[in-house]
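The values are calculated or read from the model by the stated rules, or taken from the named source; none is laboratory data. Since this is a predicted model, take the numbers as computed values, not measurements. Here Cβ is always computed from backbone atoms with ideal geometry, including for glycine, and neighbour counts include all displayed protein chains. Just so you know, the surface numbers come from the protein's heavy atoms only, side chains and all, with ligands and any DNA or RNA stripped out. Shrake-Rupley method; radii C 1.70, N 1.55, O 1.52, S 1.80 Å.
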Amino acid sequence: MASVTASSVKFSPASSLIKQNQVSNLKKASLSFTGNGFQSHRLPVRRFRIACAAKPETVNKVVDIVRKQLALPDDRDVCGESKFSVLGADSLDTVEIVMGLEEEFGICVEEESAQSISTVQEAADLIEELLEKK
């Protein structure tokens, strides 16, 4: 059995037909399988990303750093899905958040990677990836 997760999409040898209502938040993807019972399928995909979720303690540390850098009140909800821009961060704030993360976790974030971070979860995932490479 083969599986691909992108907003919960599953493929199995028993059914090679995929109905559009079985796929949510997808705009376009190209998937190819070889072997008996599988055919290539093009699916509508809105957003397709494969990522490992960071540990909850990493996400919590990132939340704390973001709160501190943006001087957010304690009652402001900040979670993994929180976007820096929605929290009020401008580009300078984002640079300061990345610097705080580098200091806290003892990592060095490349400029290209830093520019791609827009949510708490993305920051936590990048931190875990960089810590694994150490």
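Taking the stretch 82-106, which residues are more than 17 Å from VAL63 (Cβ to Cβ) and of a type in the set (A, V, I, L, M, F, W, C)?
LEU92, VAL95 - these are the residues of the stretch 82-106 that are more than 17 Å from VAL63 (Cβ to Cβ) and of a type in the set (A, V, I, L, M, F, W, C).
For the stretch 49-80, enumerate the residues that are more than 21 Å from GLU112 (Cα to Cα), open to solvent by 30 Å² or more (accessible area, probe 1.4 Å) and not in a helix (DSSP H, G or I).
LYS55, ALA71, PRO73, ASP74, ASP75, ARG76, ASP77, CYS79
List the residue pairs whose Cβ atoms are under 8 Å apart, where the first residue sits in the stretch 112-134 and is touching a residue at least 40 places away in the same chain (Cβ under 8 Å), the second is acidic (Asp, Glu) and open to solvent by 20 Å² or more (accessible area, probe 1.4 Å), and the two are 6 or more positions apart or on different chains.
Listed pairs, sorted by first residue: VAL120/GLU81; GLN121/GLU81.
Inspect the stretch 95-108 for any residue being assigned to a loop (DSSP other than H, G, I, E, B), farther than 14 Å from ASP64 by Cα and open to solvent by less than 50 Å² (accessible area, probe 1.4 Å) and give the result as yes or no.
The answer is yes, given that some residue of the stretch 95-108 is assigned to a loop (DSSP other than H, G, I, E, B), farther than 14 Å from ASP64 by Cα and open to solvent by less than 50 Å² (accessible area, probe 1.4 Å).
Only residues that are in a loop (DSSP other than H, G, I, E, B), closer than 17 Å to LEU87 by Cα and out of contact with any Phe, Trp or Tyr (no Cβ under 7 Å at 6 or more places or on another chain): list them for the stretch 110-127, please.
ILE117
How many residues, within the stretch 109-134, are more than 14 Å from ILE65 (Cβ to Cβ), among the aliphatic types (A, V, I, L, M) and over 16 Å from the mean Cα position of the chain (by Cα)?
1
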